Amino acid sequence: MLGTRKNTSCGILILDPFTTKILSSCCKMSDLMSEKITIVEDLYKNREPVLEMKAIYFISPTAKCVDAFIGDFKQKPKYKAAYVYFTDYCPDDLFNNMKLYCAKYIQVCKEINLSFLPQEAQVFTFDNPGAFNSIYKPNSLDKMKTLETLADQLVTICATLDEYPGVRYKKDSKNMENAKTLAELVDNKLARHYELDDSGKKKGKTQAQLLIVERGFDPVSPILHELTYQAMAYDLIDIQKDIYQYKAKDGSEKEALLNEDDMLWVKLRHKHIAEVSEQIPKMLKEISASKKQPDGKITISNLSQMMKKMPSFRKELTEDLAVGSDVDGMKVKDPMRTLLPVLLHPYSIHDKIRAVLLYIFSLNGTTDENLSKLIQHVKIEDEREYILNWKRLGVPIITESSIFSRKPTRRDRSQEQTYNLSRWTPVIKDVMEDAVENKLDTKEWPHQSECPAAWNGSGAVSARQKHKPNAQDERRTGSRLIIFIIGGISFSEMRSAYEVTQAVKSCEVIVGSSHILTPTSLLNDIKALGKEPMETFTIEERSNA
């Protein structure tokens with residue numbers, strides 16, 4: 001499993017919290033047992049010595065982890081020997097400390113380039129929601145350290161995929177430099193990684209692109225009320241760690257894990273709720289007829305019932321605001337008239353804030369006077385950070401006049417068949433399609449480094465040449481497009497990767513971020529950005545006095 005030799009009689013696997021999540025996301029205890037692992041232990045907990053056994057350590061290369069490892073051998077050894085596997089590059093000072101205290105016990109020490117969670121088939125995360133605050137809070141002290149860590153982790157994604165991509169980033173006119181900084185870091189670290197490849201050969205650029213973009217490039221997608229199944233479930237229900245908790249008909253508490261192992265969930269998660277509601281009864285009948293165990297499937301049915309709680313007129317109004325036109329394609333001339341019914345209805349504060357934000361985003365900013373009225377209307381005078389702090393992400397909130405503000409042009413999707421209440425398409429989908437078709441503007445998307453000139457994600461060239469496919473055409477997955485969003489990714493953006501891959505087929509789109517967003521979690525993160533400077537300012541005032 002982790003590269004141990006077959007004659008090694010290992011029985012203990014020691015993990016830190018992050019590597020526990022990595023393993024949990026891609027294998028079961030039965031998989032470990034088939035590799036002769038019988039005990040899985042927590043690196044940070046007190047463990048009884050088992051001197052006759054060898055231990056595998058799968059850990060992050062941090063000072064905390066290395067200190068805990070050294071503690072297992074420095075005074076009295078806990079195990080016969082240690083096989084150490086780091087998720088990614090181990091700094092020299094930590095490695096030297098290990099050598100100093102534990103050299104005679106270490107049989108293997110390897111960096112295996114697996115510093116990410118394979119969240120779904122085409123989605124990865126770094127399980128680091130705190131990165132948002134570190135990057136976007138004013139005067140952050142750990143911003144560069146966080147970007148460095150993200151860059152190291154992105155290198156492990158590329159290494160796992162065996163790709164050395166060309167790197168591009170979204171240039172921002174509002175002095176947001178995070179995408180550029182991260183692109184530089186990743187490109188430099190990739191060059192170093194492939195310079196020091198195990199094979200001793202320098203790897204050249206592969207047929208892949210890595211695009212880096214900041215959260216502020218599309219503030220609408222993570223705030224909008226989405227009506228596809230997965231996005232809607234995580235918006236309306238408090239699903240923690242992908243576990244849905246519910247009450248069965250007999251009143252007992254039950255839970256279901258919504259992940260890649262549940263084939264029904266995978267089949268339904270990107271469909272519109274109307275389709276899901278239609279398909280579930282048919283599927284339950286099929287399951288019943290085949291006498292398969294129905295428990296997990298009934299969970300999905302139970303979940304769909306929860307979806308029907310959201311009033312439809314709120315969905316329609318917020319969709320009109322996001323798209324800028326009504327269901328008949330008529331331009332929304334007076335967004336305020338669209339917004340007011342939502343604000344006058346007794347919805348939750350969070351829902352009203354989301355509607356106000358969509359109104360502001362639709363105008364590309366509003367006047368100070370107008371914003372003050374909206375804040376009073378929603379009664380969030382003491383919590384205005386929910387709205388004002390979007391400027392930390394480079395999103396225009398207050399403008400002198402929105403008449404001349406320029407909004408980016410979008411792809412024309414008027415001919416696409418869709419539901420009236422699902423007309424919004426995440427901006428990232430436009431980006432994916434433009435990238436695949438080699439249409440990204442080089443001014444807006446500068447190259448940090450270029451992949452081979454022949455890159456054509458769409459595979460359009462081979463499609464036009466009606467010859468028999470050779471080995472080159474039938475590459476493992478065709479070209480790869482990897483997209484990283486700084487500051488979190490929404491479920492609708494995750495869905496876009498599957499949709500574009502399915503449509504193009506010759507290019508696999510993989511998306512990721514530090515963490516996955518829900519509208520509530522993002523609003524709370526945005527609000528929290530405003531607390532730090534106010535406290536600092538108060539302290540400075542007192543010291544000056």
With DSSP loop assignment and no more than 12 other C-beta atoms within 10 Å, the trypsin sites (Lys or Arg not before Pro) in the range 233-277 are 241, 249
Here the FRET efficiency for residue 174 versus residue 444, based on Cβ atoms and R0 = 22 Å and rounded to 0.05, is 0.95
So, with points 7 Å from each Cα along the Cβ direction, the residue 285-residue 250 label distance in nm works out to 2.8 nm
Subtracting the Cα-Cα distance of residue 381 and residue 202 from 0.36 nm times their residue separation yields 58.6 nm
Carbon/sulfur accessible area of the range 12-72, % of total, 1.4 Å probe, equals 56 percent
Sorting 102, 451 on solvent-accessible surface, 1.4 Å probe, most exposed first, gives 451, 102
re the range 11-112: pairs of Cα atoms spaced beyond 16 Å account for a percent value of 53 percent
With label points set 7 Å from each Cα along the Cα-to-Cβ direction at residue 238 and residue 160, the distance between them in nm comes to 3.1 nm
With all protein chains present and a 1.4 Å probe, the order of 277, 24 from largest accessible area down is 24, 277
With label points set 7 Å from each Cα along the Cα-to-Cβ direction at residue 367 and residue 502, the distance between them in nm comes to 4.6 nm
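The values are calculated or read from the model by the stated rules, or taken from the named source; none is laboratory data. As the structure is a prediction and not an experimental result, all values here were calculated from the model. Cβ atoms come from the backbone with ideal geometry, glycine included; neighbour counts cover every protein chain shown. Side chains included, ligands, DNA and RNA excluded: accessible areas come from the protein's heavy atoms. Shrake-Rupley method; radii C 1.70, N 1.55, O 1.52, S 1.80 Å.
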